[in-house]
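Asker: Mind having a look at this structure? Questions to follow.
The values are calculated or read from the model by the stated rules, or taken from the named source; none is laboratory data. As the structure is a prediction and not an experimental result, all values here were calculated from the model. Glycine gets a Cβ as well: all are built from the backbone with ideal geometry, and neighbour counts include every protein chain shown. For accessibility, only protein heavy atoms count, side chains too; no ligands or nucleic acids. Shrake-Rupley method; radii C 1.70, N 1.55, O 1.52, S 1.80 Å.
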Amino acid sequence: MTQVAIRRTATKPSSRSEAKSVPSAEIPRHVGVLIIGGGFAGLAAAIRLTKDGRRDFLVIERGSEVGGTWRDNTYPGAACDVPSHLYSYSFEPNPNWSRSFSPQWEIQDYLRRTAVKYDVLDKHLFDTEVTSAQWDDGAARWMIQTTRGAFTSDVLVSAIGALCEPALPDIEGIDTFQGEIFHSSRWNHASELRGKRVAIIGTGASAVQIGPAIADEVAHLDVYQRTAPWVMPRRDRAYSKPESLAYKHVPGLQWLARQAIYWGREVLVLGFAFQPKILLGAQRMAERHIQKQIEDDELRKAVTPNWQIGCKRILISNDWYPMLTKDHVELVTDGIAEVRENAIVTRDGTVREVDAIVVATGFHVTDSPGWEAIKGADGRSLGEVWRERGQQAYKGAAVAGFPNMLFVVGPNTGLGHSSMVYMIESHVNYLASALEEMDEHGLATFEVREDRQRDYNQNLQKSMKQTIWTTGGCASWYLDAHGNNTTLWPSFTFLFRRLTRTFDLAAYRTTARTDRSDAALTLVREEGVA
Ligand code: NAP
C-alpha cells in the first residue's frame, strides 16, 4: 500500500501578523511558559497570561501567522458550523459577524485582529516547528528543540489542537496519480479545477462544504462515500446592518444572543450523553431533509446512514443533497480499490477517469504524530505512553510522567454540539490557576498523581458507555485503537468549566524551590501541598 504525500500549500499570510512577531535579536532562550501552537487555544493562553501580568512566555507556531485550523483550512466553502456569536472569545465579542455561521476568512480575520488588539504578536515565533520537547528532571525544566534553535521553559503548554495533522488514505497506487491531489486542509489555490474531472474522497464536515462550492465549476464530480453522514438543514442567514448596530450599541444584547445559543446547544447534551432516544426527533428531521431534497429512491437510499444520528458529527448543509442530484455529479458508494495515473478504480472494477483528487479524509486525532516529539520524565514519548493505554489525561489537561506540562484542550475535551472556544477558555482558567499556585507555594514542579489520573479516566469512560457515540452503531474518529472515546467530553460543558475553574493541587505531586529567588534551584521533593 502506498500513501499520498502531504502537500503543504502556503497559507495566505496576514500583513498584520507578519508585521509583528518576536524580533530575532530579542528571542529569549529561556521562558517561564512555552506554548506550542498559535491557534484559538494558544492565542487564548497568550492573552490570559498577558492579562495576568505574565510576559515571560513564548508561543511557537509552525505556520506563518496565528489561526491554526482556521488559517490552514482555506478550502472553498469553509465556514464554521457553530454560530459565531458563540464560536468566539467571551472577552472579545464581535458585533460585525456577517452571518450566523461565519466563513473561514472572517474567523481568521477575527483572530488576527484579536492578536493585535491584545498585543501578543511580539510573543509569537512564527514559521518555527517544535521538533522535540524533553523534560529534564535535574534542571526541572523542559528542553525544547525547534527549527530555530533550542529553548528551555519552566512550564510547557500544548495548544496543538486535535485537527491539525491530515490523515491520508492508504490506497493502492495513490502516489502514482499524475493529476492534482491535495488534502482538504492543504488546499492548493494554484490549482485550477474549472472544467476538470474532479473526485472528492470522503463525505465528512469538510467534504460537504467543498462539494457544493466547487460543483458548478467542474466538468464532472465524483464523490466517494464510504459511510453516509447525517445532514441537517443549515439555519444560516446574513445579519442586517441594523442588527449589527444593535449588537454594537445595545448593552448586553450580544451577550444575551450568546447565552441563548449556548443554552440551546447545551440542551442537546441530554440526547448525546444521557438519553440517546431524545435524538430520534433530530433523526426524523434529517430523514425529511433527504426526502425533500432528493427525489430518486436509489440516491435517497445511498445517502441514508445505517447508524443513529449523533454517533458521528451531525453535518449541516442545504446544498449537499441538491448537489448530488446534478447530472454531472456522481455519488460513488463502492469502495476504492486503487488509484491509477489518471483514474480511480472501485472494487466492482469501474474505472473513473479524473484530473484532480481532493482528499477530505479527516485528521489524525487519537494518533497524532505530534505526540512522538514530547518526552516525559522517563524519556518515553506521549505517543508511546498513549499507544499503550489510549490517550488520556487528568481533566484533559495533565499527564502523569509529564511534569509541568498542561494541555489547552487535550484528551476528552472535544465537543460534538457546541463551541470549542468555551472549552479552551475553561482550560486557560486552569492554566492560569496552576501558575498562580506555583507562585503562591513556591513550586518548582507539579505532576499529576497516577491514581488521580486513572480514577478520573475510569469515571469518564464509565459515563461514556451510555452516550450516543458508544451506542449509536458507528465507527468514528472519536474512538481510539482500543475502542475508547478519548476525544469527547461526555457531559454538560458548564460542568467542565466548574471542574477546571481552579488548579487542584491535591491531585498533584509537587516539588518546592528551596531558594525562591534562584531559578536554577535545588529541589526538595514534597508529597503534595494542598
Ligand atoms: P472527517 O469528519 O473525519 O471525515 C472524513 C471522511 O473521509 C469520512 O467521510 C470518512 O469516511 C472518509 N474517509 C476516511 N478515510 C477514508 C478512506 N481511506 N477511504 C474513503 N473514505 C475515507 O474529516 P473532516 O470532514 O475533515 O472533518 C473533521 C472534523 O473537523 C469534523 O468532525 C469537525 O469537527 C471539524 N470540521 C468542522 C467544520 C466546521 O465547523 N464547519 C468543517 C470541517 C471540519 P468514514 O465516515 O467511513 O470514516
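Asker: Helix-derived [θ] at 222 nm for the chain: sum -39500 (n - 2.57) over DSSP H runs of at least 4, divide by residue count, nearest 500?
Answerer: About -8000 deg cm²/dmol.
Asker: Summing Lys, Arg as +1 and Asp, Glu as -1, what charge do residues with Cβ under 15 Å from the Cβ of residue 133 carry, residue 133 excluded?
Answerer: -2
Asker: Now for a different question. Using the per-residue mean of other Cβ atoms lying within 10 Å as a proxy for protection, in what order, highest first, do the peptides 400-408, 182-190 fall?
Answerer: Ranked from most to least packed, the peptides come out as 400-408, 182-190.
Asker: Which GluC sites (Glu not before Pro) in the stretch 141-224 pass both tests, a DSSP loop state and at most 12 other beta-carbon atoms within 10 Å?
Answerer: Taking the stretch 141-224 and a limit of 12 other Cβ atoms within 10 Å, the loop GluC sites (Glu not before Pro) found are 192.
Asker: Residues of the chain: accessible area per residue at 1.4 Å, in Å²?
Answerer: 42
Asker: Binned at 10 Å from 0, what are the whole-percent values of the Cα-Cα distance distribution for the chain, short to long?
Answerer: 4, 18, 28, 27, 17, 6, 1, 0
Asker: Output the relative contact order of the stretch 325-457, whole-number percent, from Cα pairs under 8 angstrom with separation of 6+ residues.
Answerer: Here the relative contact order equals 16 percent.
Asker: Show me, for the stretch 42-47, the HN-Hα J-couplings you get by feeding each phi into the Karplus relation (A = 6.51, B = -1.76, C = 1.60, θ = phi - 60°), rounded to Hz, glycine and proline as x.
Answerer: Per residue, the Karplus-derived 3J(HN,Hα) values read x, 5, 4, 5, 4, 5 Hz.
Asker: Something else now. What's the carbon and sulfur percent of the chain's accessible surface, probe 1.4 angstrom, rounded to a whole number?
Answerer: 50
Asker: Where a Cα-Cα gap under 28 Å defines reach, which lysines qualify for residue 248, not counting those fewer than 8 residues away within the same chain?
Answerer: 51, 117
Asker: If you average the C-alpha positions of the stretch 399-447 and of the stretch 359-379 separately, how far apart do those two centres end up, in angstrom?
Answerer: Value for the Cα centre distance between the two parts: 19 Å.
Asker: Right, here's the next one. About the Cα centre of the stretch 370-492, what is the dipole size in debye to 20, counting +1 per Lys and Arg Cβ and -1 per Asp and Glu Cβ, all else neutral?
Answerer: 540
Asker: Can I get the semi-axes of the stretch 332-474's equivalent ellipsoid? Compute them from the C-alpha gyration tensor as square roots of 5 times the eigenvalues, in angstrom, largest first.
Answerer: The equivalent ellipsoid of the stretch 332-474 has semi-axes of 40, 18, 16 Å.
Asker: Here's a follow-up. Could you tell me how many degrees, from 0 to 90 and to the nearest 10, lie between the Cα long axis of helix 280-293 and the main elongation axis, the longest principal axis, of the Cα atoms of the chain?
Answerer: Between the helix axis and the principal axis of the chain, the angle is about 40 degrees.
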